[in-house]
Amino acid sequence: MSTDIESKIERLVTLAPFTTLGVGGPAKYFLNADTDVEIVAGLKFATAQKLPIFILGGGSNVLVSDSGFDGLVIHVRMDRSIDRIRSDKFEGSEIDGPSRRITAGAGENWDDFVQFCVENDLAGVECLSGIPGTVGGTPVQNVGAYGQEVSETIVSVQCIDRETFLPIRFINKECGFSYRKSIFNSSNADRYIVYDVTFELTLGGKPKLVYKDLIEHFVDTIPDLVQTREAVLSIRRAKSMVIDADDPNSKSAGSFFKNPIIDEAAFRKLRLAFSEMPFFPMANGMCKIPAAWLIENAGFEKGFKLGNAGISTKHSLAIINRSNATSAEIVALMGLIENEIKQKFEIELTPEPVLVGF
């Protein structure tokens, strides 16, 4: 066990300030990891102490228990600054066509990365502007918005294997990407720690305009990447889905529930009862139902309150910390919404945030 790493490990660090929801108790041990070597040292420390481990990135997709986490939190901070990406990692692709590959550290602010790509005329992530968090979290959930997902541009994901402490690289097809899913949050959840991600983007490419709000925003106009990014940010701000200290509605974990995907039989049954229900056809007869519609039609209007927790006044899919909420209050509201939707629609909602310390 490295005495150097022991000197970096802190005790009883409150986790609330590290999350966008702003709730949660202390971590028994806390490590700011700035390199993959420090990640491995932290893993070895936790193994020797027989401690559970939680990997923290930007804190935009976590809900921490009021009692905190009785183990080691490794806060991944490798950001490989934009200057390094610009000079060292901006390289020509080996495939045919006007594309470029960029590798970004897991701790890099995601929106900074998107901005860099857009400013360098690189298409492929422009619709993902304004999403809080870090680069390392994007392959885990296959982050997506406005008709675009990171799985469309990810070439490979570099990780540390928590069982062997060795580096391992996964190419795109090995990541098991599907809607808000990858091997990193399903079949191999809690085994790998992402420390950098390589993307392949289209130089001079056109923005992806398939989402209704974006299409309507650009009626009779063909936007470039910069204009598309600005439009996405504007739409997200209108829904309080961009982190803003002056906007209480943005004190959230973003979309709190995944849009449920149901089979054809369940869909037909629901459409008979709720003919106005919106849906999106998917492969193999499956259908995606907007969770926001389910929430609103289960009786939870925008601005609904439960103690210090509530639903955003601008976006029914965002549970917010109204003022000094506890994680228990957030969980109570989550459970209330889940139960009502199950009773009315026979659909089970799945939370997007990772629950820590429960």
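The values are calculated or read from the model by the stated rules, or taken from the named source; none is laboratory data. What you see is a predicted model; the values in this text were computed from it and never measured. Cβ sites come from the backbone with ideal geometry, for glycine too, and all protein chains shown count toward neighbours. Calculation scope for accessible area: heavy atoms of the full protein, side chains included, ligands and nucleic acids excluded. Shrake-Rupley method; radii C 1.70, N 1.55, O 1.52, S 1.80 Å.
Here LYS208 sits with roughly 60 square angstrom of accessible surface, probe radius 1.4 Å. Placing dummy labels 7 Å off each Cα toward the beta-carbon, the span from ALA238 to PHE279 is 2.8 nm. The magnitude of the dipole of the chain, with charges of +1 and -1 set on the Cβ of Lys/Arg and Asp/Glu and taken from the Cα centre, is near 760 debye.
At full extension, LYS269 and ILE222 could sit 12.9 nm farther apart than now, given 0.36 nm per residue minus the alpha carbon distance. Shape verdict for region 218-265, please, from the Cα gyration tensor: rounded (a/c under 1.5), prolate (a/b greater than b/c) or oblate. Oblate is the answer for region 218-265, as a/c is 1.5 or above yet b/c matches or exceeds a/b.
Close amide H pairs (under 5 Å, H built 1.01 Å from N) link GLY310 with ILE320, ARG322, residues at least 5 positions away or on another chain. What does the C-alpha gyration tensor say about the overall shape of region 188-270? Classify as rounded when a/c is under 1.5, otherwise prolate if a/b is larger than b/c, or oblate. Rounded is the answer for region 188-270, as its axis ratio a/c remains below 1.5. Measuring from centroid to centroid over Cα atoms, what is the spacing of region 238-283 and region 181-198 in Å? So the two Cα centres are separated by 24 Å.
Applying 1/(1 + (r/R0)^6) with r as the Cβ-Cβ distance of GLU230 and LYS50 and R0 = 45 angstrom yields a FRET efficiency of 0.35.
Ligands, DNA and RNA left out, the accessible area of the chain computed with a 1.4 Å probe is 49% carbon and sulfur. Residues TYR211, TYR179, ordered by accessible area of protein heavy atoms at a 1.4 angstrom probe radius and largest first, appear as TYR211, TYR179. The fraction of Cα-Cα pairs per 10 angstrom bin, counted from 0 for region 222-303, comes to 15, 33, 30, 20, 2 percent, rounded to whole percents.
A 1.4 Å probe, protein heavy atoms only, puts the accessible area of CYS117 near 0 Å². You can think of it this way: the chain between PHE358 and SER7 has 123.5 nm of extra reach, that is 0.36 nm per residue less the Cα-Cα gap. Measuring only protein heavy atoms, the 1.4 Å probe finds TRP110 accessible over about 0 Å².
Could you give the DSSP H helices of the chain that reach 24 angstrom or more along their long axis (alpha carbon positions) and whose average Kyte-Doolittle hydropathy is no lower than -0.5? Flagged H segments are 327-345. Rounded if a/c is under 1.5, else prolate if a/b is larger than b/c, else oblate: which is the chain, with a ≥ b ≥ c the root eigenvalues of its Cα gyration tensor? Cα axes put the chain in the oblate bin.
Here region 132-168 is scanned for amide nitrogen atoms under 12 Å from the site 7 Å beyond the Cα of THR35 along Cα-to-Cβ, giving none.
Any chance you could check the Cα centroid distance between region 98-154 and region 1-55 for me, in angstrom? Taking the Cα centre of each part, region 98-154 and region 1-55 sit 26 Å apart.
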